[in-house]
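Below is one structure, written out as structure tokens, with a few remarks after it.
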Amino acid sequence: EYLASATFLIAFGLASVLFIAVFNANDDNTVAGTEGEEGMNLFKEIANLPLVENTWYLFIGTSFFCFEGSITLLVPLQEAVYSQKDREQFPTVNKKVMWFTVAFYMIFATICWSSFGDSVQTALTASLPKGTLSTLVQFAYSVAVIFTFPLQAFPALEVVCHTNGAKTGSNKRKSERSNVLKRNMTATVIICFLGLIAVIATNYLGNVVSLLGSLVGIPIALIYPPLMHNKLVPNSSKMTRIMNVCLSVVGVFAAGAASYTTIISWNEGAEG
């Protein structure tokens, strides 16, 4: 129920942002006029977008961060499909969904960037012009984050609790109570720590996202899978094993280069 509500709020936010970007853009970037003129102005802004920004390197880590969730959940999602027939269709469905997602990201980003111009920020809701609809969008996203944060934090929390011995599910009642208390304390500390990072890095959200994508997203996507494949499938062909190693090397280079450029140019990505 909470996830359904969050999904509706996110969909409402996306549609509203596109509406604002097309019909109610910043005065600095578009000129007020009829609906047709607004559309022509938007196309002109898109045509005049620069090919490369001076903070282009942030895109590397950010792009991997965007798809980090889909990468880690791919196998569990396929295993969760009940029937064998539907499971065989999963790769095709997943491929179509990923293509649609990438296309939507590109269209959405292009329209918003051309509309909001240099005032666009990493947190897009902070770029919206003042108004009732903008306030509703910001409120909707805030509620959606509250609903979805427990699900987002659950995998990491499970790993941490398993490491420090706070895993629940014990048959002993006394041990179960102790584990629940330890788990709650662990979750509280982690959330407070994340809140502290959010306050400190308020003006560096783009840098933080890029750094996370570089240090975590790229290894999950390019380094670990091929190495695990070589380990789990020892009978694979020599060419396959060589390609897996080469891909891992590319991943190591990409992670190091993206992380290095993000760190040394930290202040260039500052906002506010």
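Here is how the numbers come out for the structure above:
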{"quantity": "Additional length obtainable on full extension of the chain from V97 to A109, 0.36 nm per residue less Cα span", "calculated": "2.5 nm"}
{"quantity": "Under the Karplus curve 6.51 cos²θ - 1.76 cosθ + 1.60, θ = phi - 60°, whole-Hz ³J(HN,Hα) for region 103-116, x wherever Gly or Pro sits", "calculated": "4, 5, 4, 5, 5, 4, 5, 5, 5, 5, 5, 5, 7, 8"}
{"quantity": "Under Karplus coefficients 6.51, -1.76 and 1.60, residue-wise ³J(HN,Hα) of region 230-247 in Hz, glycine/proline x", "calculated": "5, 6, 7, 10, x, 8, 5, 5, 4, 5, 4, 5, 5, 5, 5, 5, 4, 5"}
{"quantity": "Exposure ranking of T240, T132 by accessible area [1.4 Å probe, largest first]", "calculated": "T132, T240"}
{"quantity": "Cβ crowding within 10 Å averaged over residues, with 206-217, 146-157, 104-115 ranked highest first", "calculated": "206-217, 104-115, 146-157"}
{"quantity": "Potential extension, F8-S236 segment - 0.36 nm per residue separation minus Cα distance", "calculated": "77.6 nm"}
{"quantity": "In sequence order, calculated HN-Hα J values of region 189-201 (Karplus, 6.51, -1.76, 1.60; Hz; x Gly/Pro)", "calculated": "5, 5, 5, 5, 5, 5, x, 5, 4, 5, 5, 5, 9"}
{"quantity": "Amide H contacts under 5 Å for Q121, placed H, 5+ residues apart", "calculated": "S127"}
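The values are calculated or read from the model by the stated rules, or taken from the named source; none is laboratory data. For clarity, every value in this text was computed on a predicted model and none was experimentally measured. Glycine gets a Cβ as well: all are built from the backbone with ideal geometry, and neighbour counts include every protein chain shown. SASA here: full protein model, heavy atoms, side chains in, ligands and nucleic acids out. Shrake-Rupley method; radii C 1.70, N 1.55, O 1.52, S 1.80 Å.
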